[in-house]
Amino acid sequence: MMKSLVIAEKPSVAKSIANVLGANKRGDGYLEGDNYLVSWCFGHLAELASAEVYDEKYAKWSYADLPIVPEPWRYSVGRDKKKQLDLLSSLMKRSNVGEIVNACDAGREGELIFRTVYNLSGCTKPMKRLWISSMEDNAIREGFDSLRPGENYDSLYASALCRSKADWMVGINATRLFSVLYHRTLNVGRVISPTLSLIVGREAEIDAFKPELFYTVELDCGGFKAASEKFRDKSEADGVADDCKNGSITVKSIERKEKTEKAPLLYDLTTLQRDANRQLGYTAQQTLDYLQSLYEKKLSTYPRTDSRFLTDDMESTVNAVVLLCSGICGGDAPVTINTAQVCDSKKVSDHHAIIPTMSAGETDLSALLAGEREILRLVAKQVLRAVSAPYRYSETTVTMDCDGRSFTVKGRTVIETGWKAFAEQEQKDKPLPELSEGQVLTASGMNVKEGKTSPPKHFT
């Protein structure tokens, strides 16, 4: 009987797939069933070879040898990975293997990992692609029921290969060039160098910044405080304060505006990393590692996504996901669940936004690592926010006159809490007391406050 060889990116993922496919017989580096063989890579089994592999003279860095442009490109395989690569090659060549299924992570890097092994093995057998956003058993079954032709992802592979070669070309040539010119090792990279440039540029702005003092006059009107314009000269601010000590304060204008803040979108990887850094202090890599672990434990959907929406066909499942998320967060679900505002297939590329899977509701979260638990709760809380009603409030701006000088104060009154019921605790805005135009007030206190302009902030 002909079988399909399924190649996953990691052993843990391969085992989950094998369980669903009934491939339970263990071999040396693979699992086997009636219809499937399931094996795995350990990340990149082969990588672009270093410069000295092309010519021994490149072992010594020399300006005269630059640029180094490989043709054709070669690969090298580490000693610790050669055994697995040889195994995969032999499995591909088995006479009872009719097709190869790429079950590596459904993204650019996963495509590169698989294709490199497929090509180095000289395999020409038909290739299929498993493309799933969740490691839940149902998602795996549905994925195998709708395997896609491998050639549908040729452009994704080309993109990954281009990225890999660009890293090599820039990293090898530019690092050698600047190191030789400046007589010290200076690492230059496609990503690291522009990132470093941003940081250096911001540091230069901070170093060149010269803070300027300014002064404001603050009137204490009992239930609220009103501030004047900014003055550069303290004597001018003192003069205004003296003039207003015995002056009356008249309400000149009251402007009320009703404002709305829409619910935030669901998380993609980048926005989750930002919030996890700001709220939990995790680095971007820590957040990705925790999220990847949750994905492999079937508790969250695919992590490396740039979309913040779900597909239209998921609209019927949103209510269940919201109830699941309220359980994870240990609170109530939104009164009204706005499913339409999180579903838009046109805004989903390879993978939809990050959400918990239904399996998360059946898991003892206390058994997870603390970091995994915190990230899962962060993702769940974002779902609750994303389907909630807008936050609506009324903002009041009051302008007052004292001895010909203008003072202003703002207040905010919440009309509908909406999604902010699931937001972090924020400083609550104080509503202003009832005021009317022409009303005369008396200041219970007056103060000249000193301030200083701030430099640009360091990047987080």
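Ranked by the mean number of other Cβ atoms within 10 Å per residue, highest first, peptides 195-202, 375-382 order as 375-382, 195-202. The fraction of all Cα pairs in the range 1-69 landing in successive 5 Å bins from 0 to the largest distance is 4, 15, 20, 12, 7, 6, 6, 9, 9, 7, 5, 1, given as whole percents. Stretching the chain fully between R392 and E203 yields a gain of 64.2 nm (0.36 nm per residue, less the alpha carbon separation).
Here's the list of lysines a cross-link from K3 could span, going by alpha-carbon distance under 17 Å and ignoring same-chain residues fewer than 8 apart: K25, K93, K125, K128. Comparing Cα centroids, the range 206-269 and the range 31-47 end up 65 angstrom apart. Cβ distances below 4.7 Å define possible disulfide partners, and in the chain the cysteines left without one are C41, C104, C123, C162, C221, C325, C329, C343. Within the range 282-327, all pairs of alpha-carbon atoms sorted by distance into 5 Å bins from zero give the percentages 5, 17, 19, 27, 21, 9, 3.
Structural size metrics of the range 356-439, computed from C-alpha coordinates, are Rg and Dmax of 21.3, 68 Å. In whole percent, how big is the carbon plus sulfur part of the accessible area of the chain, probe 1.4 Å, protein atoms only? Using a 1.4 Å probe with all protein chains present, the chain comes out at 49 percent carbon and sulfur.
By the rule of a C-alpha distance below 18 Å, with chain neighbours fewer than 8 residues away ignored, the lysines paired with K452 are K210, K230, K234. With the biggest extent put first, the Cα atoms of the chain measure 99, 63, 37 Å across the principal axes. The mean accessible area for residues of the range 313-460, using a 1.4 Å probe and ignoring ligands and nucleic acids, is 56 Å² per residue.
Sorting T283, T357 by solvent-accessible area of protein heavy atoms yields T283, T357, largest first, with a 1.4 Å probe.
Each semi-axis of the equivalent ellipsoid for the range 29-93 is √(5λ) with λ an eigenvalue of the Cα gyration tensor; in descending order they amount to 36, 10, 8 Å. Restricting the calculation to Cα atoms, the range 1-142 yields a radius of gyration followed by a Dmax of 17.6, 59 Å. Solvent-accessible surface of the range 1-96, averaged per residue with a 1.4 angstrom probe and all protein chains in place: 56 square angstrom.
If you take all C-alpha pairs in the range 158-240, what percent of them are over 18 Å apart? The proportion of pairs with Cα distances above 18 Å equals 69 percent. Once the 1.4 Å probe is applied to the protein heavy atoms, the range 173-303 comes out at 58 Å² accessible per residue.
Within the assembled protein chains, the solvent-accessible surface assigned to E212 is about 90 Å², based on a 1.4 Å probe.
The spacing between the range 76-101 and the range 361-417, judged by their C-alpha centroids, is 53 Å.
Counting 0.36 nm for each residue step from D364 to Y182 and taking away their Cα separation leaves a gain of 59.9 nm.
The values are calculated or read from the model by the stated rules, or taken from the named source; none is laboratory data. This is a predicted model, so every value here is computed, not measured. Don't worry about glycine lacking a Cβ; one is built from the backbone with ideal geometry, like all the others, and counts go over all protein chains shown. Surface areas here come from the heavy atoms of the whole protein model, side chains and all, with no ligands, DNA or RNA. Shrake-Rupley method; radii C 1.70, N 1.55, O 1.52, S 1.80 Å.
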